[in-house]
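The values are calculated or read from the model by the stated rules, or taken from the named source; none is laboratory data. Keep in mind that this is a model prediction, so the values were computed, not measured. Positions of Cβ are backbone-derived with ideal geometry, glycine not excepted, and every protein chain shown enters the neighbour counts. Side chains are part of the model used for accessible areas, which takes the heavy atoms of the whole protein and leaves out ligands, DNA and RNA. Shrake-Rupley method; radii C 1.70, N 1.55, O 1.52, S 1.80 Å.
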Amino acid sequence: MAFASDEVRADLLDRVELTPYGPNSITDRDVLRAEVARAAGLGYATVDEEHHAGLRAVAVPILRPDGSLFGALSTAAPAFRRDMDDLVALVPVLKSAAAELGVRLPAR
């Protein structure tokens, strides 16, 4: 959501169901808005047992040459093997790979 167009992001923030799947699921729309804004500011998003108990992940956007969002590149690990700092340390590598993928994509 953080890297989608303003229109798509606003629509998703208003409509997405906030079902608690993991122990840290976001179930408050204002908290979700703050987390999406945080991810947009940082240039990456994190998940810390929000979708599944025991699973952490970090993701970066893959942007087309025109700057539009194509998808995301992420890595995940069991919480008992990696703390969030370990995963965030991979962000520069993920961003580099995402940038390389992005320049190979056709513009819309």
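Leu55 to Val103: FRET efficiency via 1/(1 + (r/R0)^6), r the Cβ-Cβ distance, R0 25 Å, to the nearest 0.05?
On the way: r = 31 Å, r/R0 = 1.22.
It comes out at approximately 0.25.
Looking at Gly102, Ser5, Leu42, which one has the Cα that reaches farthest to the positive end of the dipole of the chain (charges on Cβ: Lys, Arg +1; Asp, Glu -1)?
Positive-end residue among those listed: Gly102.
How charged is the neighbourhood of Ala40? Take every other residue with its Cβ under 13 Å from the Cβ of Ala40, and add Lys/Arg as +1 and Asp/Glu as -1.
Net charge around Ala40: +1.
Any idea what the dipole of the chain comes to, in debye rounded to 20, about its Cα centre with Lys/Arg Cβ at +1 and Asp/Glu Cβ at -1?
So the magnitude is around 380 debye.
How much of the accessible area of the chain, probe 1.4 Å, is carbon plus sulfur, in whole percent?
That share works out to 54 percent.
First select every other residue whose beta carbon is under 14 angstrom from the beta carbon of Ile26; then total the charges, Lys and Arg +1, Asp and Glu -1.
Surrounding charge for Ile26 is -4.
Counting only other residues whose beta carbon sits under 11 Å from that of Ala107, what net charge do I get with K and R as +1, D and E as -1? Walk me through the numbers before you get to the answer.
Values: positive: Arg64, Arg108; negative: Asp66.
Charge balance in the 11 Å sphere: +1.
If I stretch the segment between Ala89 and Glu17 completely, what's the gain in nm (0.36 nm per residue apart, minus their alpha carbon distance), one decimal?
Result: 22.9 nm gained on full extension.
Once R0 is set to 22 Å, what does the formula 1/(1 + (r/R0)^6) return for the Cβ-Cβ distance between Ala76 and Arg38, expressed as a FRET efficiency to the nearest 0.05?
On the way: r = 19 Å, r/R0 = 0.87.
That pair, Ala76 with Arg38, gives E of 0.70.
Taking only protein heavy atoms and a 1.4 Å probe, what accessible area per residue, in Å², does the chain have with all protein chains in place?
On a per-residue basis, 64 Å².
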